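The values are calculated or read from the model by the stated rules, or taken from the named source; none is laboratory data. Everything numeric here is computed off the predicted structure, so don't read it as measured data. In this analysis, Cβ positions are derived from the backbone assuming ideal geometry, glycine residues included, and neighbour counts consider all displayed protein chains. Side chains are part of the model used for accessible areas, which takes the heavy atoms of the whole protein and leaves out ligands, DNA and RNA. Shrake-Rupley method; radii C 1.70, N 1.55, O 1.52, S 1.80 Å.
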Amino acid sequence: MLRMAQVQYIKDLYENEEKSLREISRITGHSFETVQKYAQKENWNEDNLPDTEPTSYPVLGEFIPIVDGWLEADRKVPRKQRHTAWRLFCRLRDEYGFRGSYSSVKRYVRKKKYVMKVQSAGFLPLERTPGCGQVDFGEFLYYDAGGQEQKGYALTISFPHSNMGYTQAFPSQNQECLMEGMKRIFEHMGGVPPRLRFDNMTTAVAQVLRGTERFLTEGFSRFMLHYRFQAEFCNPASGNEKGNVENKVGYSRRNAFVPVPTITSFEKFNEEYLWGWCEKDAQRDHYIHKIPILELWQADADALLNLPDYPFTVFRYSTLTVSKTGFVVIDTNRYGLSPVLAGEVVQAKIFFDHIEFFHDHHAVGSFRRSYKQ
């Protein structure tokens, strides 16, 4: 199905510029049949859309719950591993003794997929949709190994349906920390939220366009494609549009980070403390439903997408020129390489916690990433 803007373009070429159907097909790249359908369409009433509830399937009737279950499960897996109508028909025939026709299965699947598409297109508020979450960073204070006060950032993903939340702590809120935190939370949950809402953080959004359109950073776009979630972004200066995670960030700061913690290793703090705190907190009653958050969380967990077969390695590349004294600078911090490389171009592979340097495809140094200002 074409987007409305595409349909309007076809109609404009046909009605106002008097292009032939074949010319429009060539200009737009759409098939002749598609162009003909929309160019000559006259009745645009919404009641001409396909039925939203498939009915009248006398032979298939008792098998519909089985088909529905398979199609719902398909939401969680990559497209290339989903059922085709033919595969559904074969499984019904071979596993359940279905004696109906393939055409009846095909008709039902077409309408069922339309219903599923409408339901997932965002017509329901995000707060009511199991499995969908909100993402934000919150600032907190901690003491380092030397007892000095430092600033840290807690990444939280919350789920408005159940009020479940997962938090991981980092020394910064840069793109590497954002995606590493999301990746860790996905893997801890065992799945990926189908939709996530963000504010217009520069680590994800390169440019705010008109309305809801956003131009995303390349790294964040690749991360989205890998994990197959959809991202929604708040209107500028409208943090209330992700109020659940705003509240969760404040709640975790008042509870998980009081008293002020001493963090000598973020890895250890996240693994040995924060995961346990999140799971324990989920045992308290939901503020409205008065039953444990953990019980409500099950509906969220059931709606998560499957994790990809291959984990995403979070890093970014940067090309740098070595100074005369053998140093390179990343985020105002200097890293010492060999003076022999003075004036040479090196590639930095930047992770959230360390940086690897390469020259002519050979490793020339590895350092713990510094966040000193």
Check: Based on the alpha-carbon gyration tensor of the range 316-373 and its eigenvalue square roots a ≥ b ≥ c, which shape applies: rounded if a/c is under 1.5, prolate if not and a/b is larger than b/c, or oblate?
Finding: oblate
Notebook entry, point to check: Roughly what % antiparallel, to the nearest 5, for the DSSP beta bridges in the range 132-249?
Noted result: 75
Item checked: Per-residue [θ]222 nm for the chain (sum of -39500 (n - 2.57) over DSSP H runs n ≥ 4, rounded to 500) -> -10500 deg cm²/dmol
Checklist line | the chain: relative contact order in percent, alpha carbon pairs under 8 Å with at least 6 residues between | finding: 13
Next item on the list: Kindly sort R197, R253, R75 by accessible area of their heavy atoms, largest first, with the probe set to 1.4 Å.
Entry: R253, R75, R197
Next item on the list: At most 15 other Cβ atoms within 10 Å and a DSSP loop assignment: could you name the trypsin sites (Lys or Arg not before Pro) in the range 287-341 that fit?
Entry: K290, K324
Notebook entry, point to check: Percent antiparallel among DSSP beta bridges with both residues in the chain, to the nearest 5?
Noted result: 85
Note to self: Rounded, prolate or oblate, given the Cα gyration tensor of the range 53-118, with a/c below 1.5 counting as rounded?
What the structure shows: oblate
Next item on the list: Specify which labelled value, from [x] 43; [y] 38; [z] 53, agrees with percent of Cα pairs over 31 Å apart derived from the coordinates of the model shown.
Entry: [z]
Item checked: Choice from T332, T217, T262 with maximal GNM fluctuation in the chain (Cα, 10 Å cutoff) -> T332
Note to self: At a 10 angstrom cut-off on C-beta neighbours, averaged per residue, how do the peptides 199-206, 135-142 rank from highest to lowest?
What the structure shows: 135-142, 199-206
Notebook entry, point to check: At a 1.4 Å probe, what is the % contribution of carbon and sulfur to the accessible area of the chain?
Noted result: 50
Notebook entry, point to check: Once you sort the root eigenvalues of the Cα gyration tensor of the range 167-305 as a ≥ b ≥ c, which label holds: rounded (a/c under 1.5), prolate (a/b larger than b/c) or oblate (the other case)?
Noted result: prolate
Note to self: Taking R0 as 30 Å, what FRET efficiency do you get between I64 and A299 from their Cβ-Cβ distance, rounded to the nearest 0.05?
What the structure shows: 0.85
Note to self: Just to confirm the number: angle between the C-alpha axis of helix 85-96 and the first principal axis of the chain, 0 to 90 degrees, nearest 10?
What the structure shows: 80
Next item on the list: Enter the accessible area per residue of the range 285-373 (Å², integer; probe 1.4 Å; all protein chains in place).
Entry: 63
Check: To the nearest Å, what is the center-to-center distance of the range 332-373 and the range 280-300, using C-alpha atoms only?
Finding: 46
